[in-house]
Every structure is written in structure tokens, then in C-alpha cells.
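K.L.:
Before I ask anything, let me first share the structure, which is written out below as C-alpha cells.
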Amino acid sequence: AIERTLSIIKPDATRRNLTGKINAKFEDAGLRIIAQKRIQLTEAQAGKFYEVHKERPFYGELCEFMASAPVVVQVLEGENAIAKNREVMGATNPADAAPGTVRAEFAESVGENSVHGSDAPETAAEEIAFYFSGLELVG
Ligand code: CMP
């Protein structure tokens, strides 16, 4: 089915000017960028977005990192977009990521891993609504 997923290009990647190279990987895989904006998160906003990880030991570090530089938030659309995006990203830990994936090529560590992608249809809908209004999604 045609799906939409929320993608974030994280501070380690925007700092190194990798937005275009990462977008090329998404587009080459058949994902269409139907919304995109560059924003600066506060730690509080990052904390709200990652609330599900609140009890994890890396939560504070994660929120601080996500607010350390601009991020590019985007909505990707396509056939099986959620799984396809996760394939293009590669494993969370770049040490485990398959060759050619975004994280294998660009990620610096499990924390500074260049991209985020929604993991299921329900979370995709919630995460898209966190950053975008319906009017901003132009399919
Ligand atoms: P993401 O897909 O954005 O969702 C939660 C994030 O937490 C994850 O990517 C990683 O960047 C981060 N994360 C996961 N495990 C660790 C860890 N052990 N140390 C620091 N950050 C982590």
C-alpha cells in the first residue's frame, strides 16, 4: 500500500552538509519527499517527540543532541514507505548497518546516527502530525 512516514535528518548530518546526499538515497529508492522543513528544536520539544524513550538511560543525551543544531523534518511517501525508509536508513547502530545504507555511509555512532524514521503506521501518523499540518503535505 502507499504509505507516509516521518523522517528526520539529524544534527550530525545537517552539520556536515549531508541533507542532499541523504535525500538522494530516499529518492533513488522511490520515496517521494512530499513535505520538508529545516527547523531548530529546543530540548523540550525534542523531549516531547521522544517521550516514549523517557525512561531510557540515553534520553537526556538524545534530547540534547537533537537540539544541538538544525534538523530537517520530512514526510516520505511511497509503496511500503515505512519499511522502505527503514531499509534505506540501515540498522540503528551504524556498526550493524548494511553497506550502502544511510547509517553505514554517514552515521557517527548509535546516538549520532544521521536519520530517524517512523517504525509503524500508527507512530508514523502521530509523528507526522507532531511536525506538520495537513495543508503542508503535498503529495
Ligand atoms: P531513533 O530512530 O531516532 O530513535 C531513538 C534514538 O535513540 C535512536 O534513533 C538513537 O539515535 C538513539 N539511541 C538508541 N540507542 C542509543 C544509545 N545506546 N545511546 C545513545 N542514543 C541511543
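The values are calculated or read from the model by the stated rules, or taken from the named source; none is laboratory data. Because the structure is a prediction, the values reported are computed rather than measured. All Cβ positions, even for glycine, are placed from backbone atoms using ideal geometry, and neighbour counts span all protein chains on display. The area values use the complete protein model at the heavy-atom level, side chains included, leaving out ligands, DNA and RNA. Shrake-Rupley method; radii C 1.70, N 1.55, O 1.52, S 1.80 Å.
K.L.:
So D12 clears everything in (1) without any contact (Cβ under 8 Å) to a residue 24 or more places away in the chain; (2) part of a helix (DSSP H, G or I); (3) out of contact with any helix residue (DSSP H, G or I) (no Cβ under 7 Å at 6 or more places or on another chain); (4) not polar (S, T, N, Q) except one condition, right? Which one?
P.N.:
(1)
K.L.:
Check E126 against each of (1) without any contact (Cβ under 8 Å) to a residue 24 or more places away in the chain; (2) touching a strand residue (DSSP E or B) at 6+ places or on another chain (Cβ under 8 Å); (3) within 22 Å of A1 (Cβ to Cβ) and name the one condition it does not meet.
P.N.:
All conditions are met except number (2).
K.L.:
Among the candidates Q74, Q36, which residue alone is surrounded by 20 or more Cβ atoms within 10 Å (Cβ to Cβ), under 20 Å from A125 (Cα atoms) and among the polar types (S, T, N, Q)?
P.N.:
When all the criteria are applied, what remains is Q74.
K.L.:
Could you please find all residues in the stretch 93-139 being open to solvent by less than 30 Å² (accessible area, probe 1.4 Å), of a type in the set (A, V, I, L, M, F, W, C) and either within 14 Å of the ligand (Cβ to nearest atom) or not in a helix (DSSP H, G or I) (or both)?
P.N.:
Within the stretch 93-139, A97, V102, F106, A107, V115, A120, A124, F132 qualify.
Residues are listed down the side, and each one gets a yes or a no for (1) open to solvent by 20 Å² or more (accessible area, probe 1.4 Å); (2) within 23 Å of A129 (Cβ to Cβ); (3) in contact with a strand residue (DSSP E or B) (Cβ under 8 Å, 6 or more places away or on another chain):
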| residue | (1), (2), (3) |
| --- | --- |
| I8 | no, yes, yes |
| G20 | yes, no, no |
| A44 | yes, yes, no |
| V52 | yes, yes, no |
| E55 | yes, no, no |
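K.L.:
Follow-up question, since we're still on this one. Looking at the stretch 30-50, which of its residues are more than 19 Å from G117 (Cβ to Cβ) and either away from the ligand (no atom under 15 Å from the Cβ) or part of a strand (DSSP E or B) (or both)?
P.N.:
Those that are more than 19 Å from G117 (Cβ to Cβ) and either away from the ligand (no atom under 15 Å from the Cβ) or part of a strand (DSSP E or B) (or both): Q40, T42, A44.
K.L.:
I've got another one for you. It is to be established whether one or more residues within the stretch 79-91 are of a type outside the set (V, I, T), within 14 Å of the chain's Cα centre (by Cα), in a loop (DSSP other than H, G, I, E, B) and more than 10 Å from the ligand (Cβ to nearest atom).
P.N.:
Scanning the stretch 79-91, I find at least one residue that is of a type outside the set (V, I, T), within 14 Å of the chain's Cα centre (by Cα), in a loop (DSSP other than H, G, I, E, B) and more than 10 Å from the ligand (Cβ to nearest atom), so the answer is yes.
K.L.:
Of the residues G60, G111, G90, only one is out of contact with any strand residue (DSSP E or B) (no Cβ under 6 Å at 6 or more places or on another chain), of a type outside the set (D, E), at pLDDT 95 or above and at positive phi; which?
P.N.:
G90
K.L.:
Kindly evaluate Q36 against the criterion of being touching a strand residue (DSSP E or B) at 6+ places or on another chain (Cβ under 8 Å) and either closer than 23 Å to V102 by Cα or touching a residue at least 12 places away in the same chain (Cβ under 8 Å) (or both).
P.N.:
Yes: the conditions hold for Q36.
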